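Trainee: Got a structure for you, written out below as structure tokens; questions coming shortly.
The values are calculated or read from the model by the stated rules, or taken from the named source; none is laboratory data. Predicted model, so just to flag it, every value in this text is computed and none were measured. For neighbour counting, all protein chains shown are included, and Cβ atoms are generated from backbone atoms with ideal geometry for every residue, glycine included.
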Amino acid sequence: MFVKTKGLVLRSTDYGDSDKLLTVLTDSLGKITVKARGIKHGRNTMKAPCQLMAYSEMNLMEQQGRYVLTEANTIELFTELQGDIELLSLSSYFLQVTETAAQEEAPEPELLSLLLNVLYALGKLRKPQALVKAVFELRLCVLVGFLPDLEGCGDCGDREVKYFHIMDGQLYCPDCGQNHGDGIRMPLGRGTLDAMGYICYAPAKQLFSFRISDKALEELGAITEAYLCTRFERGFYTLDFYKTLFYGVNL
Ligand SMILES: [Zn+2]
């Protein structure tokens, strides 16, 4: 059976002497594994669309749940992200998290759209890395079902909140926060809270249409990173590597 789909290469690994195995996030088939035959030989026209991060229209042959690439036309290669170590590392983190979050063969149009959105913001629009990272982390959590409760204190409903509790995904006021000392409880200001609300509910195409101060962005970034890693109950080596670029240590 032949299938036509659009997909972005999340992972590309060598397979035998001349083939590659691609993990692709598609709009209609979810996350699939695709074999690309003879890709490493000579001037194969499918080399570019088989690169990491390449977004292409793909023609696939499906046989018993296995896909073989028969034709691919590149839509976007995100070359701006390939030549800069910081941008490449941050993008690799986005790819690894997306691969972890995506389901096998369940359509993931929103996840693919978010990934395209953040890669575009990083490479073409040159949005600040910290901003793109925070938006990606929180919005991805929302897409996979970890919408935080941002409607006031989780215990008493008070609107004057002071903490975001990472494990609970809840806000707490200064008083109630004292009762939730276990787990990580992070302080947050009004600007950070407004940004979180925006990122959770904004239309996909307007994800970056908000303003945030440097201080609030720093607070937001610490919260979104901790929230994502806690919800997924794991770390990401791509994130560790990205951080070594700034701190020079293996965290
Ligand atoms: Zn309270």
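Trainee: How about the range 141-153: which of its residues are within 24 Å of K215 (Cβ to Cβ) and touching a helix residue (DSSP H, G or I) at 6+ places or on another chain (Cβ under 6 Å)?
Mentor: Within the range 141-153, C141, V142, L150, C153 meet the criteria.
Trainee: Still on this structure: Could you tell me how many of the residues in the range 127-176 are of a type in the set (S, T, Y) and away from the ligand (no atom under 11 Å from the Cβ)?
Mentor: 0
Trainee: Still on this model: Give the residues of the range 194-215 that are of a type in the set (A, V, I, L, M, F, W, C) and within 19 Å of E151 (Cα to Cα), sorted by residue number.
Mentor: Residues satisfying the conditions are A195, M196, I199, C200, A202.
Trainee: How do the helices (runs of 4 or more DSSP H) wholly within the range 52-156 filter down when requiring 2 or more residues that are β-branched (V, I, T) and touching a Leu at 6+ places or on another chain (Cβ under 6 Å): which remain?
Mentor: 129-143
Trainee: Looking at T5, T23, T33, which is the one that is surrounded by fewer than 22 Cβ atoms within 10 Å (Cβ to Cβ), over 20 Å from the mean Cα position of the chain (by Cα), among the hydroxyl-bearing types (S, T, Y) and assigned to a strand (DSSP E or B)?
Mentor: After ruling out the rest, the residue left standing is T5.
Trainee: Another question about this same structure. State yes or no: is G177 in the same structural domain as A130 (by TED's automatic domain parsing) and part of a loop (DSSP other than H, G, I, E, B)?
Mentor: no
Trainee: Inside the range 206-251, can you point out the residues that are assigned to a helix (DSSP H, G or I), free of Cβ contacts under 8 Å to residues at least 60 places away in the same chain and over 12 Å from E137 (Cβ atoms)?
Mentor: Q206, D214, K215, A216, E219, D240, K243, T244, F246, Y247
Trainee: Confirm whether T100 is surrounded by fewer than 19 Cβ atoms within 10 Å (Cβ to Cβ) and under 20 Å from the mean Cα position of the chain (by Cα).
Mentor: So T100 fits the description; yes.
Trainee: Still on this model: Find all pairs meeting these conditions: Cβ atoms under 9 angstrom apart; at least six residues apart or on different chains; first residue within the range 165-184 and on the phi < 0 side of the Ramachandran plot; second residue more than 10 Å from the ligand (Cβ to nearest atom) and among the small types (G, A, S).
Mentor: From residues that are on the phi < 0 side of the Ramachandran plot, the pairs are H165/G183; I166/G183; I166/A226; M167/G183; D168/G183; I184/A226.
Trainee: Okay, moving on. Going residue by residue through the range 42-55, is there one that turns out to be under 30 Å from R231 (Cα atoms) and touching a Pro at 6+ places or on another chain (Cβ under 9 Å)?
Mentor: Scanning the range 42-55, I find at least one residue that is under 30 Å from R231 (Cα atoms) and touching a Pro at 6+ places or on another chain (Cβ under 9 Å), so the answer is yes.
Results for (1) within 14 Å of F208 (Cα to Cα); (2) surrounded by fewer than 16 Cβ atoms within 10 Å (Cβ to Cβ); (3) within 9 Å of the chain's Cα centre (by Cα), shown as yes or no for each residue.
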residue: E105; (1), (2), (3): no, yes, no
residue: K124; (1), (2), (3): yes, yes, no
residue: A134; (1), (2), (3): yes, no, no
residue: R139; (1), (2), (3): yes, no, yes
residue: G157; (1), (2), (3): no, yes, no
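Trainee: Something else about it: Which residues, counting only those in the range 162-193, are farther than 12 Å from G152 by Cα and among the charged types (D, E, K, R)?
Mentor: D168, D175, D182, R185
Trainee: Do we find a residue being surrounded by fewer than 16 Cβ atoms within 10 Å (Cβ to Cβ) and within 14 Å of the ligand (Cβ to nearest atom) anywhere in the range 186-195?
Mentor: no
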